[in-house]
Structures are given as structure tokens and as C-alpha cells.
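Colleague: I have a structure I would like to understand better, so I am pasting it below and will then ask my questions one at a time.
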Amino acid sequence: MAWRGVIEEYRERIELDAGVEAITLLEGNTPLIEAPRLAATIGFDGRIFLKYEGLNPTCSFKDRGMTVALSAAVARGAKAVICASTGNTSAAAAAYAARAGIRAFVIVPEGNIALGKLSQAVMHGARVLAVRGNFDDAFRVVTGVAEQAQVTVVNSINPLRIQGQKTAAFEVCDVLGRAPDYHFLPVGNAGNITAYWLGYKEYEADGVSDRLPKMMGFQAAGAAPIVIGQQVDDPQTIASAIRIGNPVSWKGAAAARDESGGIIDSVTDRQIIEAYQQLAACEGVFAEPASAASIAGIKKAVSESRVEPGSTAVCTLTGHGLKDPTNAIEVCPEPTKIGPSVEEALQAMGLD
Ligand code: F0G
């Protein structure tokens, strides 16, 4: 049977009122791609799988939570949704609101959202407000507005977002036949690590998986409040998606780490960029810089002998590389310019 989107595929496991009509773009069912060349490159004697969430309808994992949040909002008669976003949440909110025929307002940090994401929000007809400040400022504006206006907040403070996002853990187990031993993922506002942990716990409690993974979350070094144990007032990182100083789901992330026996650590921008290029060049999988924090994370953890040899690890690639063409172009060499001649081409190719 054709894939029906995460609500219909997992309805009995999602806390959504019975009979709510699904507003869906057929999100989910993203590939779990084994990455043997990456494993060999980083010296890991085990199996690495990439959960490629960039292949969702708006090219990030946010679609999983947005289908649930928008379906519930519309069932309750909402006419508008609002979110603060570093880009991907706004793209998903805009698309699902368009699908539902209601309005979307998105508040983004001015100058700090990748081009692809902004183009999605505007194309889907959202009203985009660029706040002079960072994500944390934008989020404060959203909660303030929601107190005074008839708008439904679709940030992950809305528990329905977590309900949708946990389906990624179900899919991983459905493919592997069990949970992995380790699950690596980037951490920004911390909703996703919270959601995966919830999903894994539910499958284990119901006997669908015989084990729980260790949750291995990675923040960018310049935006690592959970790692340093205090809010960061001026978060900085090239991975704009996770440039967050005061995560909404901080407690959920800490619980996932502690209950699973995992870690939340940081990786530098240099490590993120290196992993970003390495992943694309050695496995043919293009993910945005924030997503590469999971790859930088497994590299770091392997180098520190924190990953058991022979084990199975899943790395979530949260967003597609095309979301952020600017960073890709900046970190790679420019195309070699040649005239329309075979000789010049051969010479430039180094094959003459
Ligand atoms: N990776 C990408 C590509 C993201 O867009 C985000 C979050 C994360 C990782 C971190 O996930 O917040 O659940 O810990 N993006 C949010 C947004 C903040 O507004 O799009 P998280």
C-alpha cells in the first residue's frame, strides 16, 4: 500500500483526538541509508546508518511534527499559526498552513536564516517577520503575540510537534528490526532529541524493540547551553539552524541523555564543516551544516572511544543540503572556467 503520511501510518501511537482529519504532504518514510565509506573513513568498526530527513516534503524533519500540529489546530478551528524559527520550522509551518488553507506567521532572526528556507516560507505565502535579534528573541515575541492574538503556536513547545517527530524513531526500528545501539543527532531547540527518545521508549515498552539506544546529541560549540549548563546570550555558529542559546526542550534533552546513558556534547564549526563536506563527498548524501553536527559528533565520539566496536549507530540528517546553498558554495572551490574547447577541458581535468 502507498505511504499515507505519518499520522495515518502511526495513528494509534500518536496522541491526536480520534477522527481528526490529517493535513499531510505524505511526510515520513525517509530512507535509512547505510554509510560504509563514512564508517571506514572515521575508523569505526561498526555500522552507520543515515536517517535522511532532508527527503521530507519541505526537506527537513519538521514536517513530521507540523502535520500533527496543523491537523489538530485546524480541527479546533484555528485560522492562523505562528512560530519562531531558524528556518526549517517556518518552511514547514508555511507549507502545511498553505495545505490547510489557513494563515502562517513566521518570525525569524534577521540575516541568520538560510536562503532556501526563506524562499520556502515566502513561496508558501507565510507572512515573514525578520526580528532584529536571535532565535531566542524571536521565540519571546511569538509567545507574547500568542497571549494577545488568536494564533496557534506551532513551535515544539506545542506537544503535538513532539508526537509527530517521534515517528522517525519508529521508522528506524521498523527498518532495523530494533533500535540502534547509538543515535546521533544535532541539538538546537532540543525538541527532536526529546521526540526520538519518546518514540524509542514507546517501542521498547510495547516490545517492538528489544533495546533502547544511547542518545548522542551534539550542539555547536558557540551555541551549546546544554553542554555548559547555562543559557548562552549571544549564540554563534555557522550552522544557523541550531544557533539557539536557550532551548525550549532543554529538560527533555537532558532527560534523554541521562535516561539513555548517552551524552550531549559540542562540536566546533570547523568540525561541522569538515563533516558536512566529508559526508557529501564520500557518501553522496547532501545535508545542511546543522545536520552535519551528527556526523561530526560520531567522529568525535569514535575518536574518544565512546562508541563500542561492532555496534550499530544511526545519525539523523535533519535537513537537506540545498536548504543552504550559500555555505556549500563558500566552502568548496570555485568551478574552473574554460573556453568551449575539448583541449582546455582535458587540460583542466588533468587528463591531457
Ligand atoms: N537540524 C536542523 C536542520 C534544524 O532545522 C534544527 C532546528 C535542528 C537540527 C535542531 O533540532 O531544535 O529539535 O533540537 N531547527 C529549528 C527551526 C529551531 O526553527 O527550524 P531541535
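Colleague: What residues have an amide H closer than 5 Å to that of L50, excluding those fewer than 5 places away on the same chain, when H is modeled at 1.01 Å from N in the peptide plane?
Modeller: Residues meeting the amide H criterion: I33, E34, A35, C315.
Colleague: Based only on Cα atoms, what mean projected area does the convex hull of segment 263-325 have, in nm²?
Modeller: Numbers: hull surface 18.0 nm².
Taking a quarter of the hull surface, the average projection is 4.5 nm².
Colleague: Which residue fluctuates the most in the chain, going by a Gaussian network model with Cα springs under 10 Å, if the choices are G217, G54, G46?
Modeller: Most flexible of the set in this elastic network: G46.
Colleague: For A281 and V342, compute 0.36 nm times the residue count separating them, minus their Cα-Cα distance, and round to one decimal in nm.
Modeller: Working: separation 61, 0.36 × 61 = 21.96 nm, distance 2.62 nm.
Full-extension gain reported as 19.3 nm.
Colleague: Please report the relative contact order for segment 87-191, taking Cα pairs under 8 Å with a sequence separation of at least 6, and give it as a percent rounded to a whole number. Don't jump to the answer; show the numbers that get you there.
Modeller: Numbers: 97 pairs, mean separation 21.5, N = 105.
Taking the mean separation of contacting Cα pairs over the length of segment 87-191, I get 21 percent.
Colleague: Still on this structure, please answer the following. Could you name the aspartates and glutamates whose alpha carbon sits less than 15 Å from that of K323, not counting residues in the same chain fewer than 8 places away?
Modeller: E53, D63, E288
Colleague: Taking amide hydrogens as modeled 1.01 Å from N in the peptide plane, which residues meet the under 5 Å criterion relative to I263, leaving out close sequence neighbours?
Modeller: M215, M216, G217
Colleague: How big is the charge dipole of segment 144-291 about its Cα centre, in debye rounded to the nearest 20, if each Lys and Arg gets +1 on its Cβ and each Asp and Glu gets -1 on its Cβ? Numbers along the way, then the final one.
Modeller: On the way: 10 positive and 17 negative charges, 28 e Å.
It comes to approximately 140 debye.
Colleague: Quick one: grab Rg to one decimal and Dmax as a whole number for segment 93-177, Cα atoms only, in Å.
Modeller: That works out to 15.1, 47 Å for Rg and Dmax.
Colleague: Place +1 on the Cβ of every Lys and Arg and -1 on the Cβ of every Asp and Glu in the chain, take the dipole about the Cα centre, and give the residue among P186, T326, G144 whose Cα lies farthest towards its positive end.
Modeller: Looking along the dipole axis, the top candidate is G144.
Colleague: List the lysines whose alpha-carbon lies under 21 Å from that of K251, not counting same-chain residues fewer than 8 positions away?
Modeller: Of all the lysines, those that pass the test against K251 - Cα under 21 Å, at least 8 places apart if same chain - are K62, K166, K201, K214.
Colleague: Then there is this: Defining a contact as two alpha carbons under 8 Å apart and six or more residues distant in sequence, what relative contact order in percent does the chain show?
Modeller: Details: 762 pairs, mean separation 66.3, N = 352.
Worked out over the chain, it gives 19 percent.
Colleague: Quick one: give the max-minus-min coordinate of the C-alpha atoms of the chain along each principal axis, largest first, in Å.
Modeller: So the three principal-axis extents are 67, 50, 48 Å.
Colleague: With both bridge residues required to lie in segment 162-286, what share of the DSSP beta bridges run antiparallel, to the nearest 5%? Don't skip to the answer; put the middle values down first.
Modeller: Details: 1 of 11 bridges.
For segment 162-286, the DSSP antiparallel bridge percentage is about 10.
Colleague: Moving on to the next point. Based on the Kirkwood radius over alpha-carbon pairs, what value in µm²/s does the Stokes-Einstein equation return for the translational diffusion coefficient of segment 209-352 at 4 °C and 1.567 mPa s? If you can, show how the numbers build up before the last one.
Modeller: Details: Rh = 17.1 Å.
After rounding, the answer is 76 µm²/s.
Colleague: What net charge do the residues around W3 carry, taking every other residue with its C-beta under 11 Å from that of W3, with Lys and Arg at +1 and Asp and Glu at -1?
Modeller: On the way: positive: R4; negative: E8, E9, E27, E171.
Neighbour charge sum, excluding W3 itself: -3.
Colleague: Nearest 5 percent is fine: what portion of the DSSP beta bridges confined to the chain is antiparallel? Working shown, then result.
Modeller: On the way: 6 of 37 bridges.
If I count the DSSP bridges inside the chain, around 15 percent turn out antiparallel.
Colleague: Also, quick follow-up: I need R257, R306 ordered by Cβ neighbour count within 10 Å, fewest first.
Modeller: Taking fewest neighbouring Cβ atoms as first place, the list is R306, R257.
Colleague: If I build a Gaussian network model for the chain, linking alpha-carbon pairs within less than 10 angstrom, which residue out of I273, I33, I113 has the largest mean-square fluctuation?
Modeller: Residue with maximal mean-square fluctuation among I273, I33, I113: I33.
Computed from the coordinates by the stated procedures, all read-outs in this text should not be read as laboratory data. Fair warning: this is a prediction, and the values are worked out from it, not measured in the lab. Please note: Cβ atoms are built from the backbone with ideal geometry, for glycine as well, and neighbour counts cover all protein chains shown.
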